[in-house]
Amino acid sequence: MFIDIKTSLFAIYLFLAGDSSALSNWSYAENPSVAILIVLFSLLIVVYLMNLLIGLLNIAIEEDNNRVSYLIQKAEILAEIELFYLLPHQRRWQTWFPEVIHYYADADKTRVEIERLIEEGEWDNKEFIKIQEKLLEELQIKHNPIDNKIVLEKLSALEKLETSYHEKLEKLDKLETIEKSCEKLEKLDKLETIEKSCEKLGKLDKLETLEKFYYEKLEKLEKLETLEKTYYEKLEKLEKLETLEKSYCEKSEKSDKLEILEKSHCEILEKLNKLETLEKSYCEKLDKLEKLNKIEKLLEEMHSK
(Lines give C-alpha, C1' and ligand atoms only; values in the text may rest on other atoms or scores of the structure.)
Protein backbone atom coordinates (compact mmCIF):
# COMPACT_ATOMS: atom_id res chain seq x y z
CA MET A 1 0.00 0.00 0.00
CA PHE A 2 2.95 2.36 0.44
CA ILE A 3 3.92 1.93 -3.25
CA ASP A 4 0.91 3.84 -4.57
CA ILE A 5 0.45 7.51 -3.64
CA LYS A 6 -3.32 7.12 -3.46
CA THR A 7 -3.20 4.44 -0.80
CA SER A 8 -0.11 5.57 1.14
CA LEU A 9 -2.02 8.20 3.13
CA PHE A 10 -4.69 5.65 3.94
CA ALA A 11 -1.98 3.21 5.07
CA ILE A 12 -0.57 5.85 7.44
CA TYR A 13 -4.08 6.43 8.79
CA LEU A 14 -4.47 2.69 9.37
CA PHE A 15 -1.16 2.55 11.23
CA LEU A 16 -2.26 5.45 13.43
CA ALA A 17 -5.55 3.65 14.10
CA GLY A 18 -3.61 0.51 15.10
CA ASP A 19 -4.35 -1.62 12.02
CA SER A 20 -1.33 -3.48 10.59
CA SER A 21 -3.10 -4.67 7.43
CA ALA A 22 -1.37 -1.89 5.47
CA LEU A 23 1.70 -4.14 5.17
CA SER A 24 -0.25 -6.70 3.13
CA ASN A 25 -0.26 -6.84 -0.66
CA TRP A 26 -4.00 -6.22 -0.86
CA SER A 27 -4.62 -2.79 -2.35
CA TYR A 28 -7.51 -0.59 -1.27
CA ALA A 29 -7.45 1.17 -4.63
CA GLU A 30 -9.38 -1.71 -6.16
CA ASN A 31 -12.39 -1.14 -3.85
CA PRO A 32 -12.36 2.40 -2.42
CA SER A 33 -15.79 1.97 -0.85
CA VAL A 34 -14.29 -0.30 1.84
CA ALA A 35 -11.63 2.32 2.62
CA ILE A 36 -14.25 5.07 2.91
CA LEU A 37 -16.39 2.94 5.21
CA ILE A 38 -13.38 2.11 7.44
CA VAL A 39 -12.47 5.80 7.77
CA LEU A 40 -16.03 6.87 8.54
CA PHE A 41 -16.56 4.08 11.07
CA SER A 42 -13.31 4.82 12.92
CA LEU A 43 -14.01 8.58 12.98
CA LEU A 44 -17.54 8.04 14.28
CA ILE A 45 -16.32 5.67 16.99
CA VAL A 46 -13.58 8.11 18.04
CA VAL A 47 -15.97 11.07 18.15
CA TYR A 48 -18.56 9.08 20.11
CA LEU A 49 -16.02 7.81 22.65
CA MET A 50 -14.46 11.25 23.09
CA ASN A 51 -17.86 12.83 23.72
CA LEU A 52 -18.72 10.04 26.16
CA LEU A 53 -15.47 10.43 28.09
CA ILE A 54 -15.79 14.24 28.15
CA GLY A 55 -19.34 13.96 29.48
CA LEU A 56 -18.30 11.49 32.19
CA LEU A 57 -15.38 13.73 33.18
CA ASN A 58 -17.67 16.75 33.42
CA ILE A 59 -20.04 14.82 35.69
CA ALA A 60 -17.14 13.67 37.89
CA ILE A 61 -15.65 17.18 38.03
CA GLU A 62 -19.00 18.75 38.99
CA GLU A 63 -19.31 16.37 41.95
CA ASP A 64 -15.90 17.39 43.39
CA ASN A 65 -15.58 20.91 41.99
CA ASN A 66 -14.37 22.68 45.15
CA ARG A 67 -11.02 23.80 46.49
CA VAL A 68 -11.07 21.45 49.49
CA SER A 69 -11.23 18.31 47.39
CA TYR A 70 -8.61 19.79 45.08
CA LEU A 71 -6.26 20.40 48.00
CA ILE A 72 -6.93 16.93 49.45
CA GLN A 73 -6.19 15.28 46.13
CA LYS A 74 -3.08 17.44 45.68
CA ALA A 75 -1.86 16.48 49.16
CA GLU A 76 -2.44 12.78 48.43
CA ILE A 77 -0.55 13.00 45.16
CA LEU A 78 2.34 14.89 46.76
CA ALA A 79 2.46 12.39 49.63
CA GLU A 80 2.61 9.49 47.19
CA ILE A 81 5.35 11.19 45.19
CA GLU A 82 7.37 12.01 48.29
CA LEU A 83 6.93 8.56 49.79
CA PHE A 84 7.99 6.98 46.52
CA TYR A 85 11.56 8.30 46.59
CA LEU A 86 12.05 8.41 50.39
CA LEU A 87 13.80 5.74 52.38
CA PRO A 88 11.84 3.71 54.97
CA HIS A 89 13.40 5.47 57.98
CA GLN A 90 12.74 8.86 56.36
CA ARG A 91 9.09 7.98 55.86
CA ARG A 92 8.72 7.45 59.62
CA TRP A 93 9.95 10.96 60.52
CA GLN A 94 7.07 12.75 62.24
CA THR A 95 8.73 16.13 61.71
CA TRP A 96 8.30 15.69 57.99
CA PHE A 97 5.03 13.76 58.15
CA PRO A 98 3.05 14.81 61.23
CA GLU A 99 -0.37 13.39 62.02
CA VAL A 100 -1.98 16.86 61.91
CA ILE A 101 -0.98 19.64 59.54
CA HIS A 102 -2.01 23.17 60.51
CA TYR A 103 -3.05 25.64 57.82
CA TYR A 104 -3.74 29.37 57.87
CA ALA A 105 -7.37 30.01 56.99
CA ASP A 106 -9.87 32.87 57.07
CA ALA A 107 -12.09 32.76 60.16
CA ASP A 108 -15.25 33.81 58.33
CA LYS A 109 -14.78 31.23 55.59
CA THR A 110 -14.03 28.50 58.11
CA ARG A 111 -17.10 29.51 60.14
CA VAL A 112 -19.28 29.33 57.04
CA GLU A 113 -17.77 25.96 56.07
CA ILE A 114 -18.25 24.52 59.59
CA GLU A 115 -21.87 25.72 59.68
CA ARG A 116 -22.44 24.13 56.29
CA LEU A 117 -20.94 20.86 57.52
CA ILE A 118 -23.11 21.01 60.68
CA GLU A 119 -26.23 21.62 58.60
CA GLU A 120 -25.38 18.76 56.28
CA GLY A 121 -24.57 16.48 59.23
CA GLU A 122 -20.96 15.86 58.20
CA TRP A 123 -19.35 17.59 61.20
CA ASP A 124 -19.94 14.99 63.87
CA ASN A 125 -17.29 12.42 63.01
CA LYS A 126 -15.16 10.51 65.49
CA GLU A 127 -11.84 11.84 64.15
CA PHE A 128 -10.08 14.91 65.61
CA ILE A 129 -12.69 15.56 68.32
CA LYS A 130 -10.44 17.90 70.36
CA ILE A 131 -9.53 19.98 67.33
CA GLN A 132 -13.21 20.32 66.45
CA GLU A 133 -14.04 21.49 69.98
CA LYS A 134 -11.21 24.07 69.89
CA LEU A 135 -12.38 25.36 66.51
CA LEU A 136 -15.93 25.74 67.81
CA GLU A 137 -14.65 27.64 70.88
CA GLU A 138 -12.36 29.91 68.84
CA LEU A 139 -14.98 30.66 66.21
CA GLN A 140 -17.75 30.99 68.84
CA ILE A 141 -20.07 28.52 67.17
CA LYS A 142 -22.75 26.97 69.32
CA HIS A 143 -23.16 23.33 68.50
CA ASN A 144 -24.84 20.71 70.64
CA PRO A 145 -24.66 17.30 68.97
CA ILE A 146 -27.56 16.10 71.11
CA ASP A 147 -29.92 18.94 70.04
CA ASN A 148 -28.78 18.91 66.45
CA LYS A 149 -31.74 19.18 64.13
CA ILE A 150 -30.09 17.21 61.41
CA VAL A 151 -29.25 14.42 63.82
CA LEU A 152 -32.80 14.50 65.16
CA GLU A 153 -34.15 14.47 61.64
CA LYS A 154 -31.89 11.57 60.85
CA LEU A 155 -33.03 9.82 64.02
CA SER A 156 -36.67 10.44 63.15
CA ALA A 157 -35.98 9.21 59.65
CA LEU A 158 -34.28 6.17 61.14
CA GLU A 159 -37.25 5.60 63.45
CA LYS A 160 -39.57 5.88 60.49
CA LEU A 161 -37.37 3.47 58.62
CA GLU A 162 -37.45 1.13 61.62
CA THR A 163 -41.23 1.33 61.83
CA SER A 164 -41.53 0.81 58.09
CA TYR A 165 -39.00 -1.98 58.38
CA HIS A 166 -40.99 -3.63 61.17
CA GLU A 167 -44.20 -3.16 59.18
CA LYS A 168 -42.50 -4.66 56.17
CA LEU A 169 -41.23 -7.51 58.34
CA GLU A 170 -44.76 -8.11 59.62
CA LYS A 171 -46.03 -7.98 56.06
CA LEU A 172 -43.27 -10.35 55.05
CA ASP A 173 -44.21 -12.68 57.90
CA LYS A 174 -47.82 -12.51 56.81
CA LEU A 175 -46.75 -13.10 53.25
CA GLU A 176 -44.65 -16.04 54.39
CA THR A 177 -47.60 -17.47 56.29
CA ILE A 178 -49.81 -16.84 53.26
CA GLU A 179 -47.19 -18.41 51.04
CA LYS A 180 -46.96 -21.38 53.39
CA SER A 181 -50.74 -21.68 53.38
CA CYS A 182 -50.68 -21.31 49.60
CA GLU A 183 -48.00 -23.97 49.45
CA LYS A 184 -50.13 -26.18 51.67
CA LEU A 185 -53.14 -25.49 49.47
CA GLU A 186 -51.05 -26.25 46.41
CA LYS A 187 -49.84 -29.42 48.09
CA LEU A 188 -53.44 -30.31 48.93
CA ASP A 189 -54.47 -29.59 45.36
CA LYS A 190 -51.56 -31.68 44.19
CA LEU A 191 -52.58 -34.44 46.59
CA GLU A 192 -56.16 -34.25 45.33
CA THR A 193 -54.94 -34.36 41.77
CA ILE A 194 -52.63 -37.24 42.71
CA GLU A 195 -55.53 -39.04 44.39
CA LYS A 196 -57.68 -38.45 41.34
CA SER A 197 -54.85 -39.63 39.15
CA CYS A 198 -54.43 -42.64 41.48
CA GLU A 199 -58.13 -43.37 41.15
CA LYS A 200 -57.82 -43.00 37.42
CA LEU A 201 -54.77 -45.21 37.52
CA GLY A 202 -56.70 -47.75 39.59
CA LYS A 203 -59.52 -47.62 37.08
CA LEU A 204 -57.00 -47.89 34.29
CA ASP A 205 -55.41 -50.85 36.04
CA LYS A 206 -58.83 -52.45 36.39
CA LEU A 207 -59.54 -51.72 32.76
CA GLU A 208 -56.17 -53.15 31.84
CA THR A 209 -56.90 -56.28 33.89
CA LEU A 210 -60.35 -56.52 32.27
CA GLU A 211 -58.80 -56.02 28.87
CA LYS A 212 -56.21 -58.68 29.66
CA PHE A 213 -58.99 -60.99 30.90
CA TYR A 214 -61.06 -60.17 27.81
CA TYR A 215 -58.12 -60.78 25.51
CA GLU A 216 -57.34 -64.03 27.36
CA LYS A 217 -60.95 -65.11 26.92
CA LEU A 218 -60.78 -64.13 23.27
CA GLU A 219 -57.60 -66.14 22.92
CA LYS A 220 -59.25 -69.08 24.68
CA LEU A 221 -62.30 -68.75 22.43
CA GLU A 222 -60.06 -68.63 19.40
CA LYS A 223 -58.24 -71.67 20.70
CA LEU A 224 -61.59 -73.39 21.30
CA GLU A 225 -62.68 -72.47 17.79
CA THR A 226 -59.46 -73.85 16.43
CA LEU A 227 -59.92 -76.95 18.59
CA GLU A 228 -63.50 -77.29 17.35
CA LYS A 229 -62.31 -76.95 13.80
CA THR A 230 -59.63 -79.54 14.42
CA TYR A 231 -62.19 -81.72 16.22
CA TYR A 232 -64.63 -81.51 13.32
CA GLU A 233 -61.81 -82.15 10.91
CA LYS A 234 -60.77 -85.15 12.97
CA LEU A 235 -64.39 -86.31 13.10
CA GLU A 236 -64.58 -86.01 9.35
CA LYS A 237 -61.32 -87.87 9.09
CA LEU A 238 -62.67 -90.53 11.48
CA GLU A 239 -65.82 -90.85 9.42
CA LYS A 240 -63.70 -91.16 6.34
CA LEU A 241 -61.58 -93.70 8.16
CA GLU A 242 -64.69 -95.60 9.20
CA THR A 243 -65.92 -95.60 5.65
CA LEU A 244 -62.48 -96.66 4.55
CA GLU A 245 -62.47 -99.35 7.21
CA LYS A 246 -65.86 -100.56 6.07
CA SER A 247 -64.73 -100.57 2.50
CA TYR A 248 -61.52 -102.22 3.62
CA CYS A 249 -63.47 -104.83 5.58
CA GLU A 250 -65.66 -105.47 2.59
CA LYS A 251 -62.61 -105.65 0.42
CA SER A 252 -60.91 -107.87 2.94
CA GLU A 253 -63.98 -110.14 3.01
CA LYS A 254 -63.97 -110.18 -0.73
CA SER A 255 -60.27 -110.83 -0.71
CA ASP A 256 -60.83 -113.66 1.79
CA LYS A 257 -63.49 -115.10 -0.44
CA LEU A 258 -61.19 -114.67 -3.37
CA GLU A 259 -58.44 -116.36 -1.46
CA ILE A 260 -60.79 -119.20 -0.59
CA LEU A 261 -61.87 -119.41 -4.19
CA GLU A 262 -58.27 -119.27 -5.28
CA LYS A 263 -57.43 -121.98 -2.80
CA SER A 264 -60.36 -124.08 -4.00
CA HIS A 265 -59.40 -123.36 -7.57
CA CYS A 266 -55.85 -124.36 -6.81
CA GLU A 267 -57.07 -127.53 -5.19
CA ILE A 268 -59.28 -128.24 -8.15
CA LEU A 269 -56.39 -127.60 -10.45
CA GLU A 270 -54.25 -129.90 -8.40
CA LYS A 271 -56.95 -132.52 -8.50
CA LEU A 272 -57.27 -132.00 -12.21
CA ASN A 273 -53.57 -132.38 -12.54
CA LYS A 274 -53.71 -135.52 -10.50
CA LEU A 275 -56.58 -136.76 -12.61
CA GLU A 276 -54.63 -136.00 -15.71
CA THR A 277 -51.68 -137.88 -14.34
CA LEU A 278 -53.99 -140.71 -13.38
CA GLU A 279 -55.50 -140.64 -16.80
CA LYS A 280 -52.09 -140.67 -18.32
CA SER A 281 -51.05 -143.56 -16.11
CA TYR A 282 -54.33 -145.32 -16.84
CA CYS A 283 -53.82 -144.78 -20.51
CA GLU A 284 -50.33 -146.09 -20.23
CA LYS A 285 -51.60 -149.07 -18.29
CA LEU A 286 -54.27 -149.61 -20.91
CA ASP A 287 -51.64 -149.44 -23.56
CA LYS A 288 -49.58 -151.91 -21.66
CA LEU A 289 -52.59 -154.14 -21.18
CA GLU A 290 -53.35 -154.00 -24.85
CA LYS A 291 -49.79 -154.80 -25.56
CA LEU A 292 -49.95 -157.65 -23.11
CA ASN A 293 -53.15 -158.88 -24.68
CA LYS A 294 -51.53 -158.77 -28.03
CA ILE A 295 -48.55 -160.60 -26.69
CA GLU A 296 -50.81 -163.21 -25.11
CA LYS A 297 -52.66 -163.59 -28.33
CA LEU A 298 -49.42 -164.00 -30.10
CA LEU A 299 -48.30 -166.50 -27.53
CA GLU A 300 -51.51 -168.40 -27.83
CA GLU A 301 -51.16 -168.45 -31.54
CA MET A 302 -47.69 -169.68 -31.09
CA HIS A 303 -48.81 -172.40 -28.78
CA SER A 304 -51.55 -173.33 -31.03
CA LYS A 305 -49.18 -173.80 -33.88
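The values are calculated or read from the model by the stated rules, or taken from the named source; none is laboratory data. Remember, predicted model here, so these are calculated numbers, not experimental data. Using ideal geometry, Cβ is built from the backbone for each residue, glycine included, and neighbour counts are taken over all protein chains shown.
A few remarks follow.
- GLU76 of a type in the set (Asp, Glu), at pLDDT 70 or above and not in a loop (DSSP other than H, G, I, E, B): yes
- Options GLU120, GLU99, GLU80; residue that is surrounded by fewer than 10 Cβ atoms within 10 Å (Cβ to Cβ) and touching a helix residue (DSSP H, G or I) at 6+ places or on another chain (Cβ under 8 Å): GLU120
- Here GLN90 qualifies as among the polar types (S, T, N, Q), surrounded by 12 or more Cβ atoms within 10 Å (Cβ to Cβ) and at pLDDT 80 or above.
- So ILE72, is it β-branched (Val, Ile, Thr) and surrounded by 10 or more Cβ atoms within 10 Å (Cβ to Cβ): yes
- Comparison of ILE77, ILE81, ILE54 shows that the only residue that is out of contact with any His (no Cβ under 6 Å at 6 or more places or on another chain) and closer than 27 Å to LYS109 by Cβ is ILE77.
- Residues that are basic (Lys, Arg) and modelled with pLDDT under 80 within region 133-186 comprise LYS142, LYS149, LYS154, listed in sequence order.
- Region 28-69: number of residues that are closer than 30 Å to GLU113 by Cα and assigned to a helix (DSSP H, G or I): 12
- Among (1) among the charged types (D, E, K, R); (2) within 60 Å of the chain's Cα centre (by Cα); (3) closer than 26 Å to GLU138 by Cα, the one test that GLU80 misses: (3)
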